[in-house]
1. In this structure, does Val245 turn out to be closer than 30 Å to Ile11 by Cα and either open to solvent by 10 Å² or more (accessible area, probe 1.4 Å) or in a helix (DSSP H, G or I) (or both)?
2. Condition (residue is modelled with pLDDT of 95 or more, in contact with a helix residue (DSSP H, G or I) (Cβ under 8 Å, 6 or more places away or on another chain) and either open to solvent by 30 Å² or more (accessible area, probe 1.4 Å) or under 19 Å from Ala186 (Cα atoms) (or both)) applied to the range 142-149: is it met by at least one residue?
3. Given Lys128, Lys201, which one is surrounded by fewer than 22 Cβ atoms within 10 Å (Cβ to Cβ), closer than 28 Å to Ala249 by Cα and of a type in the set (Lys, Arg)?
4. Would you mind listing the strands (runs of 3 or more DSSP E) fully within the range 1-111 where at least 1 residues are surrounded by 18 or more Cβ atoms within 10 Å (Cβ to Cβ) and touching a Pro at 6+ places or on another chain (Cβ under 8 Å)?
5. Would you mind stating whether Leu86 is under 21 Å from the mean Cα position of the chain (by Cα), modelled with pLDDT of 95 or more and on the phi < 0 side of the Ramachandran plot?
6. Based on what the data block shows, is Leu206 in contact with a strand residue (DSSP E or B) (Cβ under 8 Å, 6 or more places away or on another chain), surrounded by fewer than 20 Cβ atoms within 10 Å (Cβ to Cβ) and without any contact (Cβ under 8 Å) to a residue 40 or more places away in the chain?
7. Which one of the conditions (1) without any contact (Cβ under 8 Å) to a residue 60 or more places away in the chain; (2) touching a helix residue (DSSP H, G or I) at 6+ places or on another chain (Cβ under 8 Å); (3) under 26 Å from Glu22 (Cα atoms); (4) surrounded by 17 or more Cβ atoms within 10 Å (Cβ to Cβ) does Thr223 fail to meet, given that it meets all the rest?
8. Would you check which residues across the range 51-83 are among the hydroxyl-bearing types (Ser, Thr, Tyr), more than 19 Å from the chain's Cα centre (by Cα) and within 26 Å of Gln236 (Cβ to Cβ) and list them?
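The values are calculated or read from the model by the stated rules, or taken from the named source; none is laboratory data. Predicted, not measured: the structure shown is a model, and the values here were computed from it. Glycine also receives a Cβ, built like all others from the backbone with ideal geometry; neighbour counts cover every protein chain displayed. Quick note on the areas: whole protein, heavy atoms, side chains included, nothing else; ligands and nucleic acids left out. Shrake-Rupley method; radii C 1.70, N 1.55, O 1.52, S 1.80 Å.
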Amino acid sequence: MSIQLSKIINIMESFAPPCLAEKWDNPGLLVGSPREEIQSAVVTLDVTTDTVEYAIKNKINLIISHHPVICQQLRTLSSNSLPYRLAREGIAVISAHTNYDLAAEGVNVCLAKALGLTAVQPLTFDEKTGLPASFIGDLEQGHASKEFAAYVKEVLHCGGVKFTEGSRLVRKVAVSCGAGSSSVFAAIAAGADGFVTGESKHHELLAAKDAGITMVDAGHFNTENMAMEPLRQRLQQRFPEVDFVLSKATEPTCYL
């Protein structure tokens, strides 16, 4: 059985409306036609060469990604580019990026759930939409600083993490996925003991250390990839006639 791609697009846009996306972002249908018939799809954080080859090998004609395969303006379309290859192979791509970050069950909510936080509340808000852009919640059990960093590494399946050693037990934790590390200042102001993000800048790490909180940089991939399985499950439940497969991609970073 198969369904028209337009139906999947409509469902995606119902819980992650494109109007929520940042101005620089490029969500939506990026390759292909909404009239295409879809029998199977792969859900992935990134559209990479490995992802495309997996789709070709398994006769999958739709990739659903978080990060858009086309984000900047295209002035040329070379034969060795991913968009060219996708079009040539007849593989459609739809993406939900910053609009999925801000969705009601978006990436930061998934991150908070993955870390086991309870009593989760908004921490910061998006200037354009007024929707929560980061969250803060409580751990059922407190952790010493190094133990908390190890816990994050284990839960998010990280090859390694970078962290500041805080001066107190970690119970109240703020989260801001991907490149949301600037929320560390809101986390400090809210009295967080720990802060988990996907990237970190030197002045932010200094601020966290000075404030005595454990700031964990778990990597952009790891703080967002765990939201792909909930997305896959949501789509699979809505469209049981389509086989939605989770990408087996791993973080691109290696650690010594």
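1. Here the answer is yes, as Val245 does meet what is asked.
2. Within the range 142-149, the subset modelled with pLDDT of 95 or more is 142-149.
With in contact with a helix residue (DSSP H, G or I) (Cβ under 8 Å, 6 or more places away or on another chain) added as a condition, the list becomes 143.
The next check asks that each one be either open to solvent by 30 Å² or more (accessible area, probe 1.4 Å) or under 19 Å from Ala186 (Cα atoms) (or both); those that pass are 143.
Yes, the conditions are met somewhere in the range 142-149.
3. Working: Lys128 fails: closer than 28 Å to Ala249 by Cα.
That would be Lys201, the only listed residue that is surrounded by fewer than 22 Cβ atoms within 10 Å (Cβ to Cβ), closer than 28 Å to Ala249 by Cα and of a type in the set (Lys, Arg).
4. On the way: elements: 28-31, 40-44, 62-65, 92-95.
Where strands (runs of 3 or more DSSP E) fall fully within the range 1-111 and carry at least 1 residues being surrounded by 18 or more Cβ atoms within 10 Å (Cβ to Cβ) and touching a Pro at 6+ places or on another chain (Cβ under 8 Å), they are 28-31, 92-95.
5. Numbers: under 21 Å from the mean Cα position of the chain (by Cα): no; modelled with pLDDT of 95 or more: yes; on the phi < 0 side of the Ramachandran plot: yes.
When the stated conditions are applied, Leu86 does not pass them.
6. Values: in contact with a strand residue (DSSP E or B) (Cβ under 8 Å, 6 or more places away or on another chain): no; surrounded by fewer than 20 Cβ atoms within 10 Å (Cβ to Cβ): yes; without any contact (Cβ under 8 Å) to a residue 40 or more places away in the chain: yes.
Here the answer is no, as Leu206 does not meet what is asked.
7. Only one criterion in (1) without any contact (Cβ under 8 Å) to a residue 60 or more places away in the chain; (2) touching a helix residue (DSSP H, G or I) at 6+ places or on another chain (Cβ under 8 Å); (3) under 26 Å from Glu22 (Cα atoms); (4) surrounded by 17 or more Cβ atoms within 10 Å (Cβ to Cβ) is unmet by Thr223, namely (1).
8. Passing the criteria: only Tyr54.
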